[in-house]
Amino acid sequence: MEDVHCSPKQKMVVKSADYGDFNKNGAFNDDQNIDTTCSKLTNCQVKSRCGGNRSCELTMDKNLLASQYCSDTLKEIYTKYTCVDAYGSSTITTAPRIRLSRRNTGFIEIRNGSTWRRVVEENWDKNRQKMLCQHLGFEETADNKIVTKQLGSGQNIATGDFVCYNTIQPSGTSCCIHLEPSTSPPSTKITDVQCKICDKPLLHDTNDFPDSVFSGSGDPNDNYERARITKGGWCPWGSGTRYLMLDLQKQYHITQVVVMADSSQTRWSSSYSLKYSHNKTLVDGSSAIPIKGNKYGFKASTTNLTIYNVRYLKIESTDNQNFCLRIELCGEVQTPAPVKNINVSPSDYSARVTWEIPTPQDSTYITHYLIYLNNKFVKEISRAMYGTEFNILPLKPNTENTFGIQTKDGSVQGGTYVSETFTTKQAEPFTYGSIAISYSSLTISKPPAYIK
């Protein structure tokens, strides 16, 4: 776009900008020749980039007219503008700080000077919502439903165009902003944006994960629970190593870790490390997993993982030590699975039993077994001591028996009871010794009198 200018002493006020073609009569007012979808972005881009300037030249490429709104960049931009002698507009065209009022849902809020303003965008649609969610590091919901609410009067608002889009720049997304600050009149309709962090967020549930699951290094009064993504952020202070510990109470399959800056978007770290285990004493000895931190204060960062048997987690910043952290974990709880491939090797008065334990993908980490014989509880044994085998004795020869076993994990969750029926062997016959003069000797096999 070129040859758009005012006299040297005047400034431009853009009224509208449309994208399309001239009709056969040379007019640009035919709805059939105007790309209405692309024009929504075009109008915002031209207003925000050209308003207040004496002249304006724009390169029509995918950075200006993103492909999700504009199918091509080969047509024309038709701009209506006036030139004014005095231009003292308070129009907002940039907003380094953008957030939703409830983390991943709520009203759009932008920081204007020292004031957070709520955005009133009259042309909001599903595509704009999807792109805003992506810009903030989230995803759109399954139905991507558009929700509007009533805003009370007298609140700080900004009205106009707000369009986020993909770019070919490293940042991946950008937002076009052209908003006028004001206060809300009565019965103002405002968009309530719906984004999702992930399919199965965990820490937002304060019943399963109360504040007591959060701890860490340093002062016990360091407000570790503020690391919950629904709160303002954990901002450690003091010197030395500072880390956040989480005890999830049970073992989980974790698929994503989402981190954010504090709610005011002033402090964050660009990288973290994560260690985990089913056992708290084993956390420090586990291998560290790199977690992507934040590049911008407004944008959540997600690291995709596939880790199992996760109960205890330790998170440390590997970059900036003057940081704030909000975190969400995504995944699902695991339960103990039963043992498999039970094999019984019986003799006459005993039986050796072996089995296989389930994989981490299928089960929590098994710590104990409950042993049963003929549907009666015998004893509880530890995996650490017995491994995957057990000797049953004494048994009666040539008798049918049922061996039963149930798994248990460190959270005292029990797995499904499974069993295997077997028959002991026939005992060897009595062995008589030689007879000498006045006596004979007799040896009888005697079964052991204990269970091992």
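Checked against the criterion of being among the aliphatic types (A, V, I, L, M), out of contact with any Leu (no Cβ under 9 Å at 6 or more places or on another chain), buried (at least 19 other Cβ atoms within 10 Å of the Cβ) and under 22 Å from L179 (Cα atoms), the candidates A86, A66, A17 yield just one match: A17. Within the stretch 384-424, take every residue that is surrounded by fewer than 18 Cβ atoms within 10 Å (Cβ to Cβ) and of a type in the set (V, I, T) and give me the one that is farthest from Q251 (Cα to Cα). Applying the filter and picking the extreme gives T399. When L65 is tested against (1) free of Cβ contacts under 8 Å to residues at least 60 places away in the same chain; (2) of a type outside the set (F, W, Y); (3) over 30 Å from M260 (Cα atoms), just one condition goes unmet, and that condition is (3). Just one residue in the set P360, P346 is out of contact with any Pro (no Cβ under 7 Å at 6 or more places or on another chain), under 18 Å from S419 (Cβ atoms) and not assigned by the TED database to the domain that holds N304; that residue is P346. Among all residues of the stretch 151-163, there is none that is assigned to a strand (DSSP E or B) and within 11 Å of V193 (Cα to Cα). Residue count for the stretch 318-338, restricted to those that are surrounded by fewer than 22 Cβ atoms within 10 Å (Cβ to Cβ) and closer than 30 Å to F403 by Cα: 4. Taken together, the criteria exclude I366 from residues that are β-branched (V, I, T) and either assigned by the TED database to the domain that holds C235 or closer than 21 Å to D262 by Cβ (or both).
The values are calculated or read from the model by the stated rules, or taken from the named source; none is laboratory data. Predicted, not measured: the structure shown is a model, and the values here were computed from it. Note: ideal-geometry Cβ built from the backbone for every residue, glycine included; neighbour counts use all protein chains shown.
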